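Below is one structure, written out as structure tokens, with a few remarks after it.
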Amino acid sequence: MLGLSYFSFAELWSPLFLAVMLLLTAGYFVLIGPLSGRFQGSSQVPLWRRLSFIFGMLALYLAQGGPLSLLGHILFSFHMASMAFSYLVAVPLIMLGMPDWCWRALLKRYLRPLRRVSFLAQPVVAALLFNGLFSLYHIPVIHDYVMLHFAVHRLYYAVLFLTSALMWWNLINPLPELRSINGLGQIGFIFLNMVLLTPACGLIIFAGKPLYATYSDPQTWARAMGYCVSGSPAELLQAFGGPAFFGWLSPKVDQQVGGIAMKFIQEFIFASMLAYVFYHWYKKENGQDDAEISGPSSELEERVLTRV
């Protein structure tokens with residue numbers, strides 16, 4: 001399927017990366033289990049948080065180490081799916097899996113030196129950082145450079161992961177004392193993120209020609225593939241001839257599908273988050289109104305009963 005049979009198990013599943021992800025997941029369960037007593041205010045982590053962490057790690061592994069990662073080097077549409085899974089699915093799920101007492105311990109013990117740059121987590125700054133770096137990465141000349149230089153590629157992806165976490169922190173922060181925005185502010189923040197990613201997706205979708213040599217030029221493609229599969233670029237070219245060997249879509253259509261997929265996934269995730277935030281904000285506002293209405297009424301009833 002999709003030419004995956006041409007690659008080895010190690011190239012498809014990245015056993016080393018899989019081992020790292022399994023160790024991190026095991027460490028998570030040790031942290032919230034046997035070691036939880038060492039943390040102030042610790043409590044039992046509910047099942048939904050545990051499942052959230054597991055699915056987040058699974059999404060990150062598939063996007064960065066599994067077949068989706070390999071396909072992302074072959075077809076641009078899968079590359080965009082990999083980016084969406086990495087930064088719009090995996091990051092919030094992993095963060096939701098961490099209980100509040102873990103976040104407090106992490107911020108108090110290990111992230112205290114970073115307080116000087118805490119402004120990076122402010123809503124507008126965080127939104128501009130992540131969406132700006134994501135859009136910058138998809139400028140063709142920058143994208144091709146990053147894909148052809150392994151160290152730069154890993155560093156850029158790590159920075160995107162961190163800025164994605166800063167962006168999501170404004171929406172799923174479980175610590176009331178550190179929340180910068182609530183209710184309508186979060187709704188506005190979601191709309192801001194939806195708008196900021198639109199230009200990059202629009203450039204990709206409506207371009208009149210293939211933009212990325214990594215997915216259209218056989219020589220460039222072979223060099224980029226050399227970082228995730230065995231064999232020299234010359235051997236890859238001799239075996240496959242280029243990315244067209246694996247694609248049933250032309251490079252231009254594949255590029256358009258990638259841009260549409262990225263925008264659709266982003267819209268779906270943020271629309272779901274928008275509904276969640278709006279529901280809880282509306283519920284909270286109604287609760288406050290009800291309290292204001294019922295308060296005086298209860299007080300009046302108490303006075304009447306006292307007089308009687």
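The table for this structure:
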| item | result |
| --- | --- |
| Tabulated pairs, the range 129-144, first touching a residue at least 40 places away in the same chain (Cβ under 8 Å) and of a type in the set (F, W, Y), second surrounded by 15 or more Cβ atoms within 10 Å (Cβ to Cβ) and in a helix (DSSP H, G or I), C-beta under 6 angstrom, 6+ apart or interchain | F130/T163; F130/S164; F130/M167 |
| Among residues of the range 19-37, those that are in a helix (DSSP H, G or I) and open to solvent by 60 Å² or more (accessible area, probe 1.4 Å), counted | 7 |
| Single residue of the range 231-249 satisfying the filter (out of contact with any helix residue (DSSP H, G or I) (no Cβ under 8 Å at 6 or more places or on another chain) and part of a loop (DSSP other than H, G, I, E, B)) that is farthest from Q219 (Cα to Cα) | W248 |
| Residues that are over 21 Å from the mean Cα position of the chain (by Cα) and among the small types (G, A, S), drawn from the range 92-150 | A105 |
| Hey, L2 touching a Leu at 6+ places or on another chain (Cβ under 7 Å), part of a loop (DSSP other than H, G, I, E, B), hydrophobic (A, V, I, L, M, F, W, C) and surrounded by 13 or more Cβ atoms within 10 Å (Cβ to Cβ) or not | yes |
| Options L178, L184, L197; residue that is at pLDDT below 95, within 30 Å of F278 (Cβ to Cβ) and surrounded by 20 or more Cβ atoms within 10 Å (Cβ to Cβ) | L197 |
| Failed condition for L106, given (1) open to solvent by less than 70 Å² (accessible area, probe 1.4 Å); (2) aliphatic (A, V, I, L, M); (3) modelled with pLDDT of 90 or more | (3) |
| Single residue of the range 109-138 satisfying the filter (modelled with pLDDT under 95 and of a type in the set (F, W, Y)) that is most open to solvent (accessible area, probe 1.4 Å) | Y110 |
| Any hit, the range 273-285, residues being of a type in the set (G, A, S), surrounded by 16 or more Cβ atoms within 10 Å (Cβ to Cβ) and either under 24 Å from the mean Cα position of the chain (by Cα) or modelled with pLDDT of 80 or more (or both) | no |
| Some residue of the range 227-248 being closer than 27 Å to Y6 by Cβ, surrounded by 16 or more Cβ atoms within 10 Å (Cβ to Cβ), of a type in the set (D, E, K, R) and over 21 Å from the mean Cα position of the chain (by Cα) | no |
| Any chance L160 is open to solvent by 60 Å² or more (accessible area, probe 1.4 Å) and under 23 Å from I94 (Cβ atoms) | no |
| Residue in the range 38-53 that is modelled with pLDDT under 95, on the phi < 0 side of the Ramachandran plot and part of a helix (DSSP H, G or I) present | yes |
| Matching option when the condition is under 24 Å from V229 (Cα atoms), under 19 Å from the mean Cα position of the chain (by Cα) and not polar (S, T, N, Q), among L12, L51, L58, L16 | L58 |
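Let's see how each residue does on (1) in contact with a Leu (Cβ under 7 Å, 6 or more places away or on another chain); (2) touching a residue at least 40 places away in the same chain (Cβ under 8 Å):
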| position | (1), (2) |
| --- | --- |
| M147 | no, yes |
| W168 | no, yes |
| P176 | no, no |
| L192 | no, yes |
| P218 | yes, no |
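The values are calculated or read from the model by the stated rules, or taken from the named source; none is laboratory data. Because the structure is a prediction, the values reported are computed rather than measured. All Cβ positions, even for glycine, are placed from backbone atoms using ideal geometry, and neighbour counts span all protein chains on display. Note: accessible area is taken over every heavy atom of the protein model, side chains too, but ligands, DNA and RNA are not part of it. Shrake-Rupley method; radii C 1.70, N 1.55, O 1.52, S 1.80 Å.
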